[in-house]
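Working notes for the structure below.
Computed from the coordinates by the stated procedures, all read-outs in this text should not be read as laboratory data. None of the values given here were measured: they were computed from a predicted structure. Here the Cβ positions follow ideal geometry from the backbone for every residue, glycine too, while neighbour counts run over all protein chains shown.
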Amino acid sequence: MNHLAEVNMTYAQHWSMATKNSGKLSIASCVLFVHACLPFLFERTASRILRSVEHSLPKAGTRILVRFNTKHREDPEGRSWRVLENGVETLAHVVSIAIPCETIREEVAGEVKYHFLCNGKVVWDGQNAKVVAS
């Protein structure tokens with residue numbers, strides 16, 4: 001279930017949030033219907049409910065790709081890993097990944113590259129990276 005990994009939730013957490021939000025949206029639908037018929041009622045209620053639902057949704061993490069640095073011998077510091085955060089590359093000696101991720105295959109400048117793909121954030125300790133939940 002890639003979606004659960006993307007939002008960093010268990011099935012139960014996802015079910016609970018989705019169920020609560022579907023209830024809120026059902027109420028908002030009824031409120032909007034009444035407001036359509038009687039515009040002086042519920043002037044801002046539906047907007048507040050929609051904002052509440054929007055703020056309850058998990059924020060997507062940064063798209064993080066990790067791959068082996070095939071040119072590590074050319075790097076003066078011998079860093080073996082490439083860490084790309086939304087396309088911005090930083091080299092690392094050590095990378096630890098503390099969240100679910102998947103492997104992907106991409107073509108980069110005419111070459112096939114294999115990455116670990118994660119959604120989260122990177123915490124740097126010098127030239128070592130730890131990929132964690134956002």
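The phi torsions of the stretch 67-79, fed into the Karplus equation with coefficients 6.51, -1.76 and 1.60 and a -60° offset, translate into couplings of 8, 5, 8, 5, 9, 4, 5, 7, 6, x, 9, x, 6 Hz, rounded to whole numbers, with Gly and Pro shown as x.
Within straight-line reach of Lys20, meaning a Cα separation under 19 Å, sit the following aspartates and glutamates at least 8 residues removed in sequence or on another chain: Glu54.
Among Glu89, Glu77, Glu106, the largest mean-square fluctuation in a Gaussian network model of the chain, built with springs joining Cα atoms closer than 10 Å, belongs to Glu106.
Can you sort Ser134, Ser16 by how many other beta carbons sit within 10 Å, fewest first?
Listed from fewest to most nearby Cβ atoms, that is Ser16, Ser134.
For the chain, Cys30, Cys37 have no disulfide-compatible partner, since no other Cys C-beta lies under 4.7 Å from theirs. May I ask for the angle, rounded to the nearest 10°, between helix 11-37 and the longest principal axis of the chain, with both axes built from Cα atoms and the value confined to 0 to 90°? Helix 11-37 sits roughly 40 degrees off the main axis of the chain.
Of all lysines in the structure, those lying under 28 Å Cα to Cα from Lys130, and not within fewer than 8 positions of it along the same chain, are Lys59, Lys71, Lys113, Lys121. The simple spin-label model puts a point 7 Å past each Cα toward its Cβ; for Ser16 and Val112 those points are separated by 4.3 nm.
I'd like the distance between the alpha-carbon centres of the stretch 1-56 and the stretch 71-112, rounded to an integer number of Å. The stretch 1-56 and the stretch 71-112 have Cα centres separated by 39 Å. Given that just one value was derived from the coordinates, which of (i) 1.13; (ii) 1.02; (iii) 1.54 is Cα Rg over 2.2 N^0.38 Å? Identified label for the calculated read-out: (iii). Residues in the stretch 81-94 carry Karplus couplings, in order, of 10, 10, 10, 10, 10, 6, x, 8, 9, 9, 8, 9, 6, 10 Hz; the curve used is 6.51 cos²θ - 1.76 cosθ + 1.60 with θ = phi - 60°, and Gly or Pro positions show x. Rounded to whole numbers, the Karplus 3J(HN,Hα) couplings from phi for the stretch 42-57 are 6, 4, 10, 4, 4, 4, 5, 5, 4, 5, 4, 5, 4, 6, 7, 6 Hz, using 6.51 cos²θ - 1.76 cosθ + 1.60 with θ = phi - 60°, and x at Gly and Pro. Short-range pairs are left out: with C-alpha atoms under 8 Å and at least six residues apart, the relative contact order of the chain is 22 percent.
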